[in-house]
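*Asks:* To start, I am sharing the structure in question, which I have written as structure tokens.
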Amino acid sequence: MRILHAVVAEQLAGVERYVARLAAAQARAGHHVLVAGGPAAGMVPEPVRGTAFADAGGAASGPVGGAGTLAHVPAATTRALATELRRRAGQVDVLHVHMTAAEVAAALALTALPGHRPLVVSTRHFARRRGHGATGLVTAAVARRAVDVQIAISDHVAAAVDGACTVVRTGIEDRPDAPGADGRHRTVLLVQRLQPEKRGDVAVEAFARSGLAQAGWRLDVVGDGAERAALEELSTALGLGAVTRFLGTRDDVAARMRTAGVLLAPCPVEGLGLSVLEAMASGLPVVAAAAGGHLELLDGVDDLCLAPPLDAGATARALAALAADPLRRDGAASRALARQRERLTLRAQVDGVLAVYDTALHDARAVAA
């Protein structure tokens, strides 16, 4: 199958990592995959490069496992992406778009596309309806126009978005077994974009109120964004300057998750929660906001793993209790890891997405006949 993924983004955040993982896995499964848009670094993993189209012009050269191919072409804006899609959409079976800007680009491209029209699949990553602001209704109408089928990354997202969805939860590749609590550092890890809706302030305040700094723990913040300066100021004001590191965007998150002691995930509006899923695969226990997709990932793992959303005091108490009990941390991590390996694998995600493609393509052929 020939698959074209499309996204408008400037940095490698959760949606972009979703696209990169899915595209690489589809190529390994034998499909010919091109990713249009997203940052040049990271959208095509180094071990899995190839040429999905003769004139791809981006990451290049050679087949990958299973005789599939994978390549990337840049497209930094909706207009640039529409131009790329207009050039390439006629060559593919499936155009898989991610986020509203890519949907709009697809609508613009397909309006002028002669001949063959690919199936357009949209993955809904966020638990909200399309469109916002003064032009929201118009943008939503244009975006919806091109989409044939929708995938939601969780039940939470499917219940909130406009239009019917098939739920295919995000999966992750199994990771090597990691050390238990006794072999880990006294580090609380926060991995997310530093944007207001992510509520990094709750994480910093919870760490301060937990008393863990006085017990020899530190807080490592991985990620960047508009809230970084404010969070640095808050950390200093709370007396955490000596034990908090703001590390910016990193390419060693997996290694850090193998050695950290606890992950904090304070965002109350996650569609699923990729950093939480990565922590589960890494044997890293989590304290997360009990909301959104976090509930689908962690409900029943341990009552300390889910804290009331936006409640820094309750989050602090859960964090302190989990940090103080290595055996409980190991138990929570083990149950979360078992859940990930049983239900939330990359193979299951690829199979689920391909099943959506196959069903929709079959139905389209039946209608055409």
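The values are calculated or read from the model by the stated rules, or taken from the named source; none is laboratory data. This structure is a prediction, so every number in the text was calculated from the model and none was measured. Cβ coordinates were reconstructed from backbone atoms using ideal geometry, including for glycine residues, and neighbour counts include every protein chain displayed.
*Asks:* Does segment 165-186 include one or more residues that are farther than 30 Å from residue 221 by Cβ and over 17 Å from the mean Cα position of the chain (by Cα)? Steps first, answer last, please.
*Replies:* Kept after step one, since they are farther than 30 Å from residue 221 by Cβ, are these residues of segment 165-186: 165-168.
Imposing the further condition that a residue be over 17 Å from the mean Cα position of the chain (by Cα) reduces the set to 165-166.
So far as segment 165-186 goes, yes, one or more of its residues are farther than 30 Å from residue 221 by Cβ and over 17 Å from the mean Cα position of the chain (by Cα).
Per-residue answers, yes or no, for (1) under 24 Å from residue 123 (Cβ atoms); (2) outside the structural domain of residue 150 (by TED's automatic domain parsing); (3) under 25 Å from the mean Cα position of the chain (by Cα); (4) in contact (Cβ under 8 Å) with a residue 40 or more places away in the chain:
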{"site": "216", "(1), (2), (3), (4)": "no, yes, no, no"}
{"site": "220", "(1), (2), (3), (4)": "no, yes, yes, yes"}
{"site": "228", "(1), (2), (3), (4)": "no, yes, yes, no"}
{"site": "238", "(1), (2), (3), (4)": "no, yes, no, no"}
{"site": "247", "(1), (2), (3), (4)": "no, yes, yes, no"}
{"site": "261", "(1), (2), (3), (4)": "no, yes, yes, yes"}
{"site": "267", "(1), (2), (3), (4)": "yes, yes, yes, yes"}
{"site": "271", "(1), (2), (3), (4)": "yes, yes, yes, yes"}
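*Asks:* Could you tell me whether segment 266-278 includes any residue that is over 18 Å from residue 191 (Cβ atoms), surrounded by fewer than 20 Cβ atoms within 10 Å (Cβ to Cβ) and among the aliphatic types (A, V, I, L, M)?
*Replies:* First, pick out the residues of segment 266-278 that are over 18 Å from residue 191 (Cβ atoms): none.
No: zero hits.
*Asks:* Collect the residues in segment 206-242 that are part of a loop (DSSP other than H, G, I, E, B) and within 23 Å of residue 305 (Cα to Cα), keeping them in residue-number order. Walk me through it before giving the result.
*Replies:* Pass one, segment 206-242, residues part of a loop (DSSP other than H, G, I, E, B): 211-217, 224-227, 238-242.
The answer is 211, 212, 213, 214, 215, 216, 217.
*Asks:* If you check 107, 160, which single one turns out to be surrounded by 16 or more Cβ atoms within 10 Å (Cβ to Cβ), over 22 Å from the mean Cα position of the chain (by Cα) and not assigned by TED's automatic domain parsing to the domain that holds residue 309? Steps first, answer last, please.
*Replies:* Working: 160 fails: over 22 Å from the mean Cα position of the chain (by Cα).
None of the other options fit; the residue is 107.
*Asks:* Every residue in segment 317-327 that is more than 14 Å from residue 288 (Cβ to Cβ) and either in contact with a strand residue (DSSP E or B) (Cβ under 9 Å, 6 or more places away or on another chain) or surrounded by 17 or more Cβ atoms within 10 Å (Cβ to Cβ) (or both), please.
*Replies:* Taking segment 317-327 as the starting set, the residues that turn out to be more than 14 Å from residue 288 (Cβ to Cβ) are 317, 320-321, 323-327.
Selection gives 317, 320, 323.
*Asks:* Moving to a separate point now. Tell me yes or no: at least one residue of segment 27-48 is at pLDDT 90 or above, out of contact with any Phe, Trp or Tyr (no Cβ under 6 Å at 6 or more places or on another chain), crowded, with 22+ Cβ neighbours inside 10 Å and part of a helix (DSSP H, G or I).
*Replies:* Initially, segment 27-48 is screened for residues at pLDDT 90 or above, giving 27-37.
Imposing the further condition that a residue be out of contact with any Phe, Trp or Tyr (no Cβ under 6 Å at 6 or more places or on another chain) reduces the set to 27-33, 35-37.
Still in the list and also crowded, with 22+ Cβ neighbours inside 10 Å: 27, 31-33, 35-37.
Within this subset, residues satisfying the condition of being part of a helix (DSSP H, G or I) are 27.
The answer is yes, given that some residue of segment 27-48 is at pLDDT 90 or above, out of contact with any Phe, Trp or Tyr (no Cβ under 6 Å at 6 or more places or on another chain), crowded, with 22+ Cβ neighbours inside 10 Å and part of a helix (DSSP H, G or I).
*Asks:* Report the residue count in segment 291-315 for those that are part of a helix (DSSP H, G or I), within 18 Å of residue 207 (Cα to Cα) and of a type in the set (A, V, I, L, M).
*Replies:* Residues of segment 291-315 that are part of a helix (DSSP H, G or I), as a first pass: 293-298, 303-305, 312-315.
Applying the additional criterion that residues be within 18 Å of residue 207 (Cα to Cα) yields 304-305, 312-315.
Those still in the list that are of a type in the set (A, V, I, L, M) too: 304, 312, 314.
The total comes to 3.
*Asks:* Moving to a separate point now. Which number in (1) assigned by TED's automatic domain parsing to the domain that holds residue 239; (2) surrounded by 22 or more Cβ atoms within 10 Å (Cβ to Cβ); (3) polar (S, T, N, Q) marks the one condition that residue 123 misses?
*Replies:* Residue 123 satisfies every listed condition except (1).
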